[in-house]
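Below is one structure, written out as structure tokens; comments come after it.
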Amino acid sequence: MRQQLLAFLVSFSVFFSTMLLADELKLKADAPSLYLVKSGDTLWDIAGLYLQHPWLWPRLWKLNPQVSNPHLIYPGDELHLQFDADGQPILSLNSQREAVSSAGTTQVQNYSTTSAAIKLTPKVRRIAKADKAIPAVALAAIEPFLSEEHLLSAEQLESLPYVLGGKENVKNAVSGHLLYVQGELDQTLRYGIYRQGEVYEDPQSGDILGYEAVLMAEAKVLPPAMVSEQHISRIEVQKSRREVKQGDRLIPLPSQSVYPVFFQLRSPESLVSGVIVDSASEWREFAKGEIVLLNQGQNARLQPGHLLGIFRPSPAVVDFGDKPSYPEDSDKLQRILHEVVGSADEMPTELVGQLMIVKVSEHSSFAMILRTEQPVRVGDLIGNL
């Protein structure tokens with residue numbers, strides 16, 4: 001069975017590498033010649049306005065060398081669609097934003113395809129409304145997930161500080177309880193209190209991908225106590241979602257979100273071939289916006305912002321020269337022949353969606369589904385677009 005799976009993955013790799021070479025930059029028929037960026041837009045949304053295949057959007061920007069960083073686009077910016085002498089599309093940026101200096105002088109920054117001047121003019125102090133670049137994707141729904149969810153190796157899990165007990169003999173601690181922790185904690189950080197959840201295995205290799213860490217509560221670090229010449233860390237449980245128990249582990253929480261500038265949509269530099277292992281919702285089928293777990297990570301040189309396709313092989317067909325049928329619909333003779341031959345005829349593999357890597361571990365990664373042609377399933381293949 002495993003040899004058949006490996007043979008299929010090899011053929012799948014050939015398929016999507018051929019597909020990658022065949023992809024061309026194709027504009028939509030109704031692509032706007034002028035678009036004013038609005039608050040709430042994402043780079044992915046804008047790519048969808050212009051391109052039939054949004055995942056190819058870096059090529060559209062690459063054709064215009066005067067746009068040095070298309071990831072820094074702000075509400076109020078103007079995007080102009082033009083064409084060069086060879087008929088290649090060029091998406092240019094005209095951005096005029098105000099930045100207030102410490103001396104009260106307003107710097108009017110005008111970025112365009114023809115000018116990059118900075119003009120200093122004494123003016124009444126004003127604060128620009130558009131002070132944040134638009135994100136690559138809509139992050140509101142996934143930001144808590146990015147900062148709270150973890151998939152750890154056995155070694156990482158064992159190395160974490162853990163709850164020893166409490167000020168009182170309480171088996172299930174909630175907000176307000178004082179607990180003692182084995183391990184040194186940084187008093188300048190906030191921590192999440194986690195419990196080991198599901199163990200995830202790679203469906204292709206059978207290896208363990210990691211151990212899920214489920215957030216139970218947050219913790220405020222208190223000054224440590226000295227017991228028999230040993231420092232014992234002290235915490236106060238806060239924002240409990242579930243009761244905290246002895247043995248639960250502590251992981252620092254990020255002090256602030258860095259994800260809106262962290263994601264830069266692009267294709268992986270290497271060939272990627274993997275499978276969807278699970279989803280955050282634990283449903284069998286899901287659509288745009290879902291977070292999924294993949295069996296490829298740093299080992300496949302994946303990074304946050306990498307765009308991948310979701311692929312599904314079409315159902316195999318039994319065809320012995322008479323009436324083709326699916327294996328489950330075959331008659332007795334066809335089934336006997338099928339067993340003798342050993343396999344049905346394979347049908348093409350089709351693209352059913354796209355996703356973006358949002359968080360990477362050594363042998364796995366989490367990704368956000370950006371687009372679907374039909375419901376995505378656990379077991380669907382992932383690879384280069």
Radius 15 Å from Cβ of residue 239, net charge of other residues (Lys, Arg +1; Asp, Glu -1): -1
Shape of the range 185-290, Cα gyration tensor, a/c cut at 1.5: prolate
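Using a 1.4 angstrom probe on the protein heavy atoms only, could you order 356, 226 from most to least accessible area? Before the final figure, lay out the partial values.
Working: 356 0, 226 115 Å².
So, going from the largest accessible area down, we get 226, 356.
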Net lengthening on full extension, residue 162/residue 264 (0.36 nm per residue, minus Cα-Cα): 33.2 nm
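The values are calculated or read from the model by the stated rules, or taken from the named source; none is laboratory data. Here the structure is a predicted model, which is why all the values come from computation and not from measurement. Reconstructed Cβ throughout: ideal geometry from the backbone, glycine too, with neighbour counts over all protein chains shown. Keep in mind that these areas ignore ligands, DNA and RNA; they rest on the heavy atoms of the full protein, side chains included. Shrake-Rupley method; radii C 1.70, N 1.55, O 1.52, S 1.80 Å.
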